[in-house]
C-alpha cells in the first residue's frame, strides 16, 4: 500500500519529526511504500509549505490522491500559519479540501487548541467549534494518543467521542540504544551505587524540570541524583529565563547536574537506559513521547497529572498532583526519607549586577536579531574601552527583474570577490580586538 | 573515501557505499544511474539528489555565515536544507543502519553527513575533514560532532581545532590520509606537452576564493616585481582564472589526469599551497612524493604543521615572506633538493595507505 505521511521530518529536531521517522520505518517494515511530505525541505522526499500557502495544501492533496492512504501528524502549525481568526478562516477551506478529498486521510492529533475553544458560547466561538469539528470529522479516521486528549477534543469541539480513536503513542517506537545499563552509566559518567533520576527533553518552562530539582532538594540522602538533560529548542525570553533558573538551581542543589546541549536519539535513549527512574513533572503537555520511551526500556517514571500523562501511565508510573506528592514519590522510589523543604517554590534570589546585565543583553540580542538581523550591539564602554563597530555584513543583491536590481547584481558580481575577503578580514580583526579587550578586563592572560 | 572503501574491502571487510547520483560538486546533477550496482567488489547504492529551490534564502544566510556574523539556529537549518539533499539516503539508513557495524560519514559540511549521521549515532563514525572556516562554528554541527560514536581526524591540528569548537566524544583517532606513490614520473614529458621551460610554481586544485587563489595571484604579482626574473604560475584543476595581475603569467593546463598531475608535481620548481582551509592537503603530499618542495600559507594550521614536522616546506605569513621564500627556493637548488628529500620521507613514513587503513580498522574494532 502506498502511504503518504504529512509531518515535520528530520533533520528538523522536534518530537513529532522523531515520532514520524519511526512511524515511517515501521510502515516500511510492514511492506508499505511510504513517502513523507514535510512543511519545509528536509529528509522527506517532498516538501510543501501547507501552513502558508493554498498552493502548498493543494500539492499535498495531489500527492495524497496518488497514495492509497494519507496520515497527517497534526498540530496546528503544520497546516495553519497562525490561529488568527482571519487567517484561519482564509486557509480553512484548503485544509478541509485536503481532509475531505485526500485519499483515506488518517488524522493523528498531537496538539489542538482545546483551551481557546472550550466554553465559547458566543457566535464566533460556535463558528470556531463548528469549523474544528468539521476538520475532525472530514478525515477517514481521527486519532489521539490518550483518553484525556479525546475528552478534551470532545469537550472543545463537540465532536462525537465515537469519531475519535485511540492510538498507542509508543506503538511504532524503536529502541535506539544498547540496553546495557552499566555500559550506559560508564559512558555517561554516572556513579555506580547512586540512585539516578532523569529529566530529559527540550528545556522549556512547561516541562517543569525545576520542580524536580526542588523536590530532590527535599530528599534526605546524598546518593540520590538528578540529571537534567536537554537543550533550548526555541530561544525566547521565557525559555532563557527558565534555563537561567535551572542553571542556578543546579548550582545550588547538591546532586543535581544540568547537561545542556544537543541530545541525539541514541543519546536520549542511552540516558534512559542509564537512569533508575525518570521525573517528568510537566506543567502542561498533551502526551509524552519521553514516557513512552521510558516504558520501552522498563524504567519507572514519576509524572504529573498534566494532559494525557495519567492515561499513558502504566503500573510502574507514579502520577503526582502537586510538589509534595512529587517529592514523596521520588523519595519512595529512591528508598530515602523526605526532609524539610530546602527550597521554597517561589524563592528567588536577587541577581548580581553582572547577572542582570547578562540577561538583559541576551534578551535584547534576541529582540535585535528579530528586528535587525545580523547586527550586534555596539561594544559597551562600561570598562572605559573604545566601542567597536558592528561586524561588516555584505548584503545579498536584490532578486527583482527591474533595472536597478540588475545593476546592483552586476555591481555585486564585479566587486564581491574583492569585498568578501576584505569584510572577512575586517571581522577577524574586530573579533581579535574584542578578545583582547575582554582578556584585558577579565585579567586573563592573552 | 573511495580509497578507504577499497582498502577496507581488500582487508576482508564487507563494504557498502551509499552515495548520491551526482558527479559534479557544483551542479549536483543526477548524472549517474540511481539504484544498486556492484563496483569493484563493493555494493554501491546511489540516490537522487534534490537541490533546494530557496536559493535566495540560502545565499542570504550563507553570506552572513561567511562573514562570521551570528546566525539564528533556525536560519542555519534553513541554509542547510535549502542546499543539496539526498532524502533517499536518509530513508535507506533509517531502514538499514542496523545492518552495519559502522557507518563512516565524510565530510562534515554536507547534508548527507549532517542529516544521516544522527540516524544511528551509536555506529556513526565521522571523518569530518574539518578546517577553520565560519561554517565550522555553527551550532548546527554540534550534534554531528558531539553525538557520533567516534571521529577520525587526518591531522593533529584538525583534532585540536575540533576540540576548541566542540565537546568531542571520548573516542577520537588520528588516521592521516593515504597517498599512493605513482609508478613513475615524467617531468620532461609534462614540460614538452605544455611548452613550459625554466622554473615555475605549481598550484593544483580548485581556483576559488576559499582556496585563496586571488591571494596567490596578488602575492605572486608582488614577488615577481621583486625577483630578478618573474616566475610563471602553472595551474591545473577547475575554477575561473579570473583577473590576472600585470606581473603574473598563468599557464592553465586545465583538468588533468592523476598521472599528468603527478608529472606536473615532479616538473615544478616549487608547489604552492595558498589555502588556509585544509584538513589534510593531499596535494602537498603529492608534491613531496614527487620530490618538490612546498611553499604554504602559514595561516593554515594543518599545512604549517606538515611543513614544520617534515622540514620540507616553507610557511609564509604575508606577501613579503612569500616573495623571499620563492627567491630562496629559486636561488638554492641544493636547499630545494634537501627539502624535497625530507618531504618524500615524511610522506612515506606517515601516510601510506596500509598504515592509514590499519588505524581505521583499529578504530572500528575498538569503538563498535
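Each reported figure results from applying straightforward, stated rules to the coordinates on display, with no laboratory input. Because the structure is a prediction, the values reported are computed rather than measured. Quick reminder, even Gly has a Cβ in these numbers, built from the backbone with ideal geometry, and neighbours come from all protein chains shown.
Where both bridge residues fall in the protein assembly as shown, DSSP classifies roughly 10% of the beta bridges as antiparallel.
Shielding value for B:54-61 is 3, the average number of Cβ atoms from other chains within 10 Å of each residue's Cβ.
Hydrodynamic estimate: the Kirkwood radius of the protein assembly as shown over Cα pairs, inserted into Stokes-Einstein at 4 °C and 1.567 mPa s, corresponds to D of 43 µm²/s. With Cα atoms defining each centre, region B:294-309 and region A:183-205 are spaced 43 Å apart in the structure. Pair-distance distribution of region A:181-334: all C-alpha pairs, bin width 10 Å, starting at 0; shares per bin in whole percent are 12, 45, 38, 5. Is the C-alpha gyration tensor of region A:1-47 telling us rounded, prolate or oblate? Criteria: a/c under 1.5 is rounded; beyond that, a/b larger than b/c is prolate, otherwise oblate. Oblate, because a/c is 1.5 or more while a/b does not exceed b/c. Largest first, the extents of the alpha carbon coordinates of region A:2-166 on the three principal axes equal 47, 32, 29 Å. Whole-percent P(r), region B:50-172, all Cα pairs, 10 Å bins from 0: 13, 43, 34, 10, 0. A simple spin-label model places the labels of residue B:337 and residue A:155 9.3 nm from each other, with each point 7 Å out along Cα-to-Cβ. Of the peptides B:290-297, A:264-271, the ranking by mean beta-carbon count within 10 Å, highest at the top, reads B:290-297, A:264-271. For the pair region A:312-329 and region B:40-93, the centres of their Cα atoms are 44 angstrom apart. With each label modelled as a point 7 angstrom along the Cα→C-beta vector, the residue A:336-residue B:355 pair spans 5.3 nm. Potential lengthening of the chain between residue A:419 and residue A:84 amounts to 116.2 nm, from the contour at 0.36 nm per residue minus the alpha-carbon distance. Distance from the Cα centre of region A:45-119 to that of region B:117-184, in angstrom? Using only Cα atoms, the two centres lie 41 Å from each other. Relative contact order, whole percent, for region B:73-165 stands at 26, derived from Cα pairs under 8 Å and 6 or more residues apart. Please state, as a whole number in µm²/s, the translational diffusion coefficient that the Stokes-Einstein equation yields for chain B at 4 °C and 1.567 mPa s, with Rh defined as the Kirkwood radius across alpha carbon pairs. Using the Kirkwood radius from Cα pairs, D works out to 59 µm²/s.
Here region B:115-264 has an Rg and Dmax of 20.4, 60 Å, counting Cα atoms alone. Within region B:187-350, antiparallel bridges make up roughly 0 percent of the DSSP beta bridges whose residues both belong there. In this rough spin-label picture, where each label sits 7 Å from Cα along the Cβ direction, the residue B:324-residue A:53 distance is 6.0 nm. Peptides B:353-361, B:30-38, B:166-174 ranked from most to least packed, by the mean per-residue count of other Cβ atoms within 10 Å: B:353-361, B:166-174, B:30-38. Annotation: peptides B:149-158, B:331-340, A:81-90, ranked by per-residue average of other Cβ atoms within 10 Å with the highest first, follow the order B:149-158, B:331-340, A:81-90.
For the residues of A:21-28, the average number of beta carbons from a partner chain within 10 Å of their own beta carbon is 2. Mean partner shielding of peptide B:106-118, defined as the number of other chain Cβ atoms within 10 Å of each residue Cβ, is 2.
Per-residue extension of 0.36 nm, minus the Cα-Cα distance of residue B:184 and residue B:25, leaves a gain of 54.2 nm for this segment. Using the Cβ-Cβ distance between residue B:308 and residue B:40 with R0 = 45 Å, the FRET efficiency computed as 1/(1 + (r/R0)^6) comes to roughly 0.75. In chain B, the DSSP beta bridges split such that about 20 percent are antiparallel, to the nearest 5.
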